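Here the structure comes first, spelled out in structure tokens, and everything after it is commentary.
A short reminder: the numbers here are calculations on the coordinates, not readings from a lab. Worth saying up front: this structure is predicted, and the values here are computed from it rather than measured. Here the Cβ positions follow ideal geometry from the backbone for every residue, glycine too, while neighbour counts run over all protein chains shown.
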Amino acid sequence: YGLETLSEGTWKRWRLLINATRLSDAGAYRCRVATSPPIVFDVTLKITAPRARIVDERGADVSEKHYNSGSLIQLKCHVDRVPFPSGRVTWRKADTVLTFNTSIGGISVKGEPATGLVTSRLYVANASPRDSGTYSCWYEDYAHDNVTVHVIAGEYPAAMQDDSLTDSGAANSNDNSSSSSSAAAQHFAPVCCTLLLLTLPQLQSNNRRHCRAEFFVRLSLMAWAVLMLSYVYKGR
């Protein structure tokens, strides 16, 4: 804190100075002049501090993200309530400050003075498990947010491959079952047709009405036999 006195003729002015303002400096202040009667002037100081937020692709707050090995990591940081001119936005991994010429990728910063919003993006190309860790976005040294990044090598692709193998195995099984049923029908249908033809001479020698009824009965029994034999063949 500091006190500054300004004199203009018979007037004097006192000014309270607060350097490196913090949120804890907010509150009620009183200026009191020792006159008779005393002069008192009250003022309330409100402080708005910048706020850093790491968000995902949809703009929602995020504290943890997962990536596959070889993918591009993209982290976005919004800093609002920023005074003009704005301060510096930096990215860190653990305690290491990342810069534009860092080999991991790049950093971009875009400011919108009219809205008091600064947006910064961090890009990490061809991510590997060694890029896993805690990343933080800082506005100067007093506003920051963190996100934990996990880069997984090979697990998700393997799982997808296993799923595809399982699906293909099930499809092959269904195909085999269908082919088995078809094979059964192809094997037993000629046999049943032969038996039916052998019975025709005997049927022609009997009464025509009884012949027709017996023919359809035998035909139904043979169709049922083909169906049962196909199920037995399929179970084998």
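Of all lysines in the structure, the ones whose alpha carbon falls short of 30 Å from that of residue 76, not counting any fewer than 8 places away in one chain, are 46, 65, 93, 110. For region 32-44, 3J(HN,Hα) computed residue by residue from phi via the Karplus equation (6.51, -1.76, 1.60; θ = phi - 60°) reads 10, 9, 7, 10, 10, x, x, 9, 10, 9, 9, 9, 10 Hz, glycine and proline entered as x.
For the peptides 8-21, 137-150, 60-73, the ranking by packing is 137-150, 60-73, 8-21, with the highest mean count of neighbouring Cβ atoms within 10 Å listed first. First measure r as the distance between the Cβ atoms of residue 24 and residue 65, then evaluate 1/(1 + (r/R0)^6) with R0 = 25 Å and state the FRET efficiency to the nearest 0.05. Efficiency for this residue pair is about 0.15. Once you reduce region 25-45 and region 1-23 to the center of their Cα atoms, the two points are 13 Å from each other.
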